[in-house]
There are 2 protein chains.
Amino acid sequence: MDIKDLDTQSFMPGLSVDNVIFGFHDNQLKVLLLACKDGKHWMLPGGYILKNESVDAAAERVLFDRTGLQKVYLQQFNVFGDPKRSSASLVKGLVKSMELDETLNHWFLQRFVTIGYYALVEYEKVKPKPDPLSLSCDWFEIDQIPRLIFDHATIIESALTAMRQHLNFQPIGLNLLPSSFPLKSLQSIYETILGKKLDRPNFNRKILSLGILDKKEKHFTGAAHKAPFLYSFRKKEYYKLLKDGIS
Amino acid sequence: MDIKDLDTQSFMPGLSVDNVIFGFHDNQLKVLLLACKDGKHWMLPGGYILKNESVDAAAERVLFDRTGLQKVYLQQFNVFGDPKRSSASLVKGLVKSMELDETLNHWFLQRFVTIGYYALVEYEKVKPKPDPLSLSCDWFEIDQIPRLIFDHATIIESALTAMRQHLNFQPIGLNLLPSSFPLKSLQSIYETILGKKLDRPNFNRKILSLGILDKKEKHFTGAAHKAPFLYSFRKKEYYKLLKDGIS
DNA sequence: TTATATTGTGTCAATTTGACTCAATAAAAT
DNA sequence: ATTTTATTGAGTCAAATTGACACAATATAA
């Protein structure tokens with residue numbers, strides 16, 4: 001997005017998209033956030049919808065602009081349409097800190113309905129880029145989220161709930177893990193999303209029975225224990241399951 | 001909605017809600033549709049969002065205006081945001097048939113992103129009321145849907161898919177059936193939504209094990225077979241399951 | 001050589017599911 | 001009055017799945 005486009009009527013008024021971008025690193029689920037220029041708040045990577053652009057394409061564009069990634073799992077999950085979701089006083093502070101042309105104020109001060117998406121991306125492949133309205137772009141552990149603007153904390157909560165439900169009838173992990181990985185990493189993702197510990201033998205049995213994994217070579221981590229086997233996703237079978245649903 | 005409000009800037013531009021309202025009658029799942037004034041198309045009950053109204057509230061208002069019902073299950077399920085979802089030529093025909101003031105044309109000719117909701121309502125309680133833009137309001141069997149405008153057929157398909165998935169971890173039926181009903185009616189709802197036949201003994205066992213039903217008196221239908229027992233939902237337990245999810 | 005941590009396999013009972021059978025019964029047909 | 005028909009609801013049983021463990025294998029550190 002280019003700020004100067006805001007007053008040239010390039011975007012649909014009153015509508016935005018916000019992406020909850022999940023990555024996985026150090027056996028932790030992380031979320032990508034942007035630092036507001038007021039130095040006090042963080043926010044979700046979001047943006048507006050071009051007049052001739054589909055809403056899905058806008059979400060993909062925002063994802064690409066912040067991460068450089070394309071063609072990853074990006075799922076619309078909820079619309080946040082409360083007229084009071086952004087407080088006027090906070091917006092005014094933010095707009096002031098952005099030092100924008102006065103004529104742009106009316107854009108930011110309007111009411112926005114935002115469409116929430118969540119994305120699953122490979123942490124290592126992301127090159128976080130702040131947008132023109134923010135100072136920096138960084139990963140945060142899911143249970144150490146800083147102070148967020150508006151209802152963005154609610155949006156993240158809601159994304160987690162949606163993922164938790166999708167997990168029941170969709171495979172997960174292909175866009176979240178590197179091309180090969182130990183089973184334990186996949187289990188940790190499930191545990192973090194579900195918010196509970198899983199029994200390893202039972203998890204392995206279950207996930208292997210889906211027929212979406214290929215066993216590869218052993219991986220010597222240097223740690224003082226048996227080396228785990230690495231696995232990779234069988235993409236064709238994975239996408240088939242994603243489409244048709246589990247069981 | 002009052003048509004004259006359209007040019008007084010009462011509504012959020014470019015945004016609408018569309019409700020897929022499901023009812024159940026004659027062992028058939030039905031959808032409530034409105035007849036367009038062009039005499040050729042039908043459409044979903046939809047509307048616009050007041051400047052100071054939440055999106056959910058707008059969907060509730062549309063539902064109430066068409067059915068007279070409030071406080072029923074109404075679930076947001078998807079946003080339809082393709083810029084080409086409404087064809088300009090069709091819109092022009094529709095606007096012409098509505099014989100509106102010329103100044104309103106710009107409202108209908110703009111691009112709309114619509115937020116899809118589906119509702120489950122008790123068929124017998126609905127008093128279908130056409131809106132100011134339509135000729136009539138009627139129920140249609142789910143597999144006998146007439147020609148619809150725009151992407152409304154896709155929206156109905158998508159609502160069914162969403163329901164099918166929700167069925168896996170949510171109870172269903174409370175707002176779709178009268179206060180007491182035979183188990184077979186509930187089974188028929190499940191069968192219609194899932195699009196497949198279910199084994200009666202197994203269905204009964206499963207649904208009764210949820211602990212959300214109270215057995216009531218026998219109901220003599222006048223048919224030449226054993227009279228079925230009626231059941232009613234235990235509302236407290238039903239809503240708890242709706243909130244927490246099944247299993 | 002032993003200790004430690006973690007992996008992958010194996011077991012087994014409990015639970016759930018799928019595919020059936022069958023007796024009960026409300027009304028119509030004889 | 002008796003038989004027939006259609007449908008309900010209970011019961012059975014093997015197969016599949018799940019949950020809760022035990023345990024052997026093994027990569028490195030002590």
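The values are calculated or read from the model by the stated rules, or taken from the named source; none is laboratory data. Only a predicted model underlies this, so the values are computations on that prediction, with no experimental measurement involved. A quick note on method: Cβ atoms are made from the backbone with ideal geometry, for glycine too, and the neighbour counts reach across all protein chains shown.
Here the stretch A:200-247 is the region considered, the condition is being free of Cβ contacts under 8 Å to residues at least 60 places away in the same chain and within 14 Å of chain B (Cβ to nearest Cβ), and the residue that is nearest to DNA strand D (Cβ to nearest atom) is A:Asp244. Among the residues that make up the stretch B:207-222, is at least one of them crowded, with 16+ Cβ neighbours inside 10 Å and under 18 Å from B:Val121 (Cβ atoms)? Checked the stretch B:207-222: no residue is crowded, with 16+ Cβ neighbours inside 10 Å and under 18 Å from B:Val121 (Cβ atoms). The test for being at pLDDT 95 or above and either away from DNA strand C (no atom under 11 Å from the Cβ) or over 30 Å from A:Lys4 (Cβ atoms) (or both) holds for A:Lys206. Within the stretch A:113-125, is there a residue that is crowded, with 18+ Cβ neighbours inside 10 Å and more than 21 Å from A:Ala162 (Cβ to Cβ)? The answer is no; no qualifying residue exists. In the stretch B:75-95, is there at least one residue being within 23 Å of B:Gly173 (Cβ to Cβ), hydrophobic (A, V, I, L, M, F, W, C) and in contact with an Asp or Glu (Cβ under 9 Å, 6 or more places away or on another chain)? Within the stretch B:75-95, none of the residues are within 23 Å of B:Gly173 (Cβ to Cβ), hydrophobic (A, V, I, L, M, F, W, C) and in contact with an Asp or Glu (Cβ under 9 Å, 6 or more places away or on another chain). Looking across the stretch B:211-235, the residues that are out of contact with any strand residue (DSSP E or B) (no Cβ under 6 Å at 6 or more places or on another chain) and within 10 Å of DNA strand C (Cβ to nearest atom) come down to B:Phe220, B:Thr221, B:Gly222, B:Ala223, B:Ala224, B:His225, B:Lys226.
Yes or no, residue by residue, for (1) of a type in the set (S, T, N, Q); (2) assigned to a helix (DSSP H, G or I):
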position: B:Leu15; (1), (2): no, no
position: B:Val20; (1), (2): no, no
position: B:Gly23; (1), (2): no, no
position: B:Leu32; (1), (2): no, no
position: B:Asp38; (1), (2): no, no
position: B:Asn52; (1), (2): yes, no
position: B:Leu63; (1), (2): no, yes
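The set of residues in the stretch B:56-91 that are aliphatic (A, V, I, L, M) and closer than 27 Å to B:Leu177 by Cα comprises B:Ala57, B:Ala58, B:Ala59, B:Val62, B:Leu63, B:Leu69, B:Val72, B:Leu74. Under the condition of being buried (at least 21 other Cβ atoms within 10 Å of the Cβ) and among the aliphatic types (A, V, I, L, M), the residues counted in the stretch A:1-28 number 5.
This table checks each residue for (1) acidic (Asp, Glu); (2) in contact with a strand residue (DSSP E or B) (Cβ under 9 Å, 6 or more places away or on another chain); (3) within 16 Å of DNA strand D (Cβ to nearest atom); (4) without any contact (Cβ under 8 Å) to a residue 12 or more places away in the chain.
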position: B:Val91; (1), (2), (3), (4): no, no, no, no
position: B:Gln110; (1), (2), (3), (4): no, yes, no, no
position: B:Thr114; (1), (2), (3), (4): no, yes, no, no
position: B:Asp138; (1), (2), (3), (4): yes, yes, no, no
position: B:Pro182; (1), (2), (3), (4): no, yes, yes, no
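Among the criteria (1) within 14 Å of another protein chain (Cβ to nearest Cβ); (2) within 16 Å of DNA strand D (Cβ to nearest atom); (3) among the aliphatic types (A, V, I, L, M), the one A:Met163 does not fulfil is (2).
Looking only at the stretch B:131-141, how many residues end up being assigned to a strand (DSSP E or B) and either closer than 23 Å to A:Ile246 by Cα or within 17 Å of the chain's Cα centre (by Cα) (or both)? The qualifying residues number 6.
Based on what the data block shows, is A:Ser247 of a type in the set (S, T, N, Q) and within 14 Å of DNA strand C (Cβ to nearest atom)? Yes.
Of all residues in the stretch A:94-106, those satisfying the criterion of being crowded, with 17+ Cβ neighbours inside 10 Å and either in contact with a strand residue (DSSP E or B) (Cβ under 8 Å, 6 or more places away or on another chain) or without any contact (Cβ under 8 Å) to a residue 60 or more places away in the chain (or both) are A:Leu94, A:Val95.
Across the stretch B:41-55, what is the number of residues that are in contact (Cβ under 8 Å) with a residue 40 or more places away in the chain, within 11 Å of chain A (Cβ to nearest Cβ) and surrounded by 19 or more Cβ atoms within 10 Å (Cβ to Cβ)? Residues that pass the stated criteria total 1.
So that you can scan it fast, the table gives a plain yes or no per residue for (1) more than 14 Å from chain B (Cβ to nearest Cβ); (2) part of a strand (DSSP E or B); (3) closer than 30 Å to A:Leu186 by Cα:
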{"residue": "A:Lys71", "(1), (2), (3)": "yes, no, yes"}
{"residue": "A:Val79", "(1), (2), (3)": "no, yes, yes"}
{"residue": "A:Arg85", "(1), (2), (3)": "no, no, no"}
{"residue": "A:Val91", "(1), (2), (3)": "yes, no, no"}
{"residue": "A:Leu100", "(1), (2), (3)": "yes, no, no"}
{"residue": "A:Phe108", "(1), (2), (3)": "yes, no, no"}
{"residue": "A:Arg111", "(1), (2), (3)": "no, no, no"}
{"residue": "A:Glu124", "(1), (2), (3)": "yes, no, yes"}
{"residue": "A:Lys129", "(1), (2), (3)": "yes, no, yes"}
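Taken over the stretch B:60-69, the criterion of being out of contact with any helix residue (DSSP H, G or I) (no Cβ under 7 Å at 6 or more places or on another chain) and either more than 29 Å from A:Ala88 (Cβ to Cβ) or within 9 Å of another protein chain (Cβ to nearest Cβ) (or both) is satisfied by B:Leu63, B:Phe64, B:Asp65, B:Arg66, B:Thr67, B:Gly68.
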